[in-house]
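In what follows, a structure is listed as structure tokens, so that the remarks can point back to it.
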Amino acid sequence: MSHLHRRNFLKMSSAFTLAPTLSTQAFPSDNTMPENATNINFVSDGLILSPAGFARLLSELTQNEALKADNFSLNGCVEILETKMAKILGKEAAVFMPTGTLANHLAIRTLAGNNHRAIVQYESHVYNDTGDSVQTLSNLNLIPLGMNKATFTAEEVNEVIKRTDSGRVAGKVGVISIESPVRRKTGEMFDFEEMKKISALARNEGIRMHLDGARLFLASGYTGISPATYTSLFDTVYVSLYKYFNAPSGAILAGPKELIVPMYHTRRMFGGGLHQVWPFAAVATHYLEGFQERYTKAIAISEDFIKKLGTHDSFDIQRIPNGTNIFQLKVKDTPVKTFSENLGKKGIIARPNETGGMNLLVNESLLQTNASALASAFIDSLK
């Protein structure tokens, strides 16, 4: 499938919800915000495409006759996306899933096999936000580790293994699932050195490994560690297609052929064999192309912006230890709700959080601007 010319990237990707116009106008040299600037978004991992913006993008993508529809989520441009993702993730095969919840569930279920115990993070999406789906639908016993932390340790894993081995009824751990970055810990990453220790321990014990890498590509942008290097420690990995590849929904699950190729049967058994998902795959493939390079540039703009705001007395910036694309901002002497509304008038979306500050998320929308223009807009919004 062909991709839009790079100079059309911002034009097509800047049709944000609430945006009054489409514009690729650069910020002028005096660092003022142009009146017709499209929205810069600090509330999402990716671009917030409006229905109209998504439709326009999809219309242009479909001008290429090589783009082919799928049939019940098989073949066509879906297969192209699966092949590209498998290569980037260093895995033999990949399969489209309608949701990350299902991708995680089927990976853990398949890797566990006949061993019904699975180690997961206490703070993970799998353990907290899926309505006990793995326990209820696949009869697995989830053992949570690392309460209130992004990382659990190899020592903790070893203690669980010893305890299960010494029980009066044998109950082997079949799989370990790790989420990184961790949404419930404000984008904090699982410690990479500990991850390697756990992977080595698991392989020695014959335990399979799954990575909830919904935001894996964001982590790579901050650490310089490639997605394939992370995934080499795991049997399977899930990556979101909507968080920063801007598809309306969808996920990719990648791993060894013997597990992934027949997975469409299990997907359909769980009601996930959607008739056609080509619009999701087409858009995700478009944004996958060159994502790491673009995201690196967005990070550079954000880091310069953070430094500039940090020199102003009215702002207090908190970085997340071992974090990724989220930083926290406190505003002094101006009600945060008023500050948010003032930013909105300048085409910047940033919302108050529950602590009276703001969680600001770095994404590709920053490619529309520069650090000086952003800092000026934030300072002007204090008034």
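Here, each number is a calculation from the coordinates, and none is a lab measurement. Computed from a predicted model, the values in this text were never measured in an experiment. Ideal geometry is used to build each Cβ from the backbone, glycine not excepted, and the neighbour counts take in all protein chains shown.
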Cα gyration tensor shape for the stretch 127-171, rounded if a/c is under 1.5, else prolate or oblate: oblate
Taking the convex hull of Cα positions in the stretch 76-275, its mean projected area over all directions (nm²): 10.8
Pairwise centroid distance, computed over Cα atoms, of the stretch 212-274 with the stretch 45-89, Å: 16
Dimensions (Å) - the stretch 58-125, Cα atoms, principal axes, largest first: 49, 24, 24
Value at 222 nm in deg cm²/dmol, rounded to 500, when DSSP H runs of n ≥ 4 in the chain each add -39,500 (n - 2.57): -11500 deg cm²/dmol
Per-residue Cβ neighbour rank within 10 angstrom, fewest leading, Glu79, Glu159, Glu293: Glu293, Glu159, Glu79
Cut-off under 5 Å, modelled amide H: who pairs with Ser44 long-range: Leu361
Among beta bridges that DSSP assigns inside the chain, antiparallel share in %, nearest 5: 55
The stretch 154-256: trypsin sites (Lys or Arg not before Pro) in DSSP loop, at most 12 other beta carbons within 10 Å: Arg168
Environment charge at Ala371 (Cβ cut-off 10 Å; Lys +1, Arg +1, Asp -1, Glu -1): 0
Footprinting exposure proxy for His125, His312, His265 (fewest neighbouring C-beta atoms within 10 Å first): His265, His312, His125
Estimated distance in nm for a label pair at His275 and Ser138, the labels positioned 7 Å out from Cα along Cα-to-Cβ: 2.9
Relative intensity, log₁₀ I(q)/I(0), of the stretch 283-361 from a Debye sum that treats every alpha carbon as a point, q = 0.12 Å⁻¹: -0.42
Cα centroid separation - the stretch 333-383 against the stretch 302-316, whole Å: 12
Among beta bridges that DSSP assigns inside the stretch 76-275, antiparallel share in %, nearest 5: 40
Nitroxide proxy distance, nm - points 7 Å out along Cα→Cβ at Val43 and Arg203: 4.4
At 0.692 mPa s and 37 °C, Stokes diffusion of the chain via Kirkwood alpha-carbon radius, µm² per second: 149
Residue (of Leu142, Ser340, Ser314) at the positive-pole extreme of the chain, dipole from beta-carbon charges: Leu142
Cα gyration tensor, the stretch 236-302 - rounded (a/c under 1.5), prolate or oblate: prolate
The stretch 58-174 - Debye-derived log10 I(q)/I(0), Cα point model, q = 0.12, 0.13, 0.16, 0.22 Å⁻¹: -0.61, -0.69, -0.89, -1.25
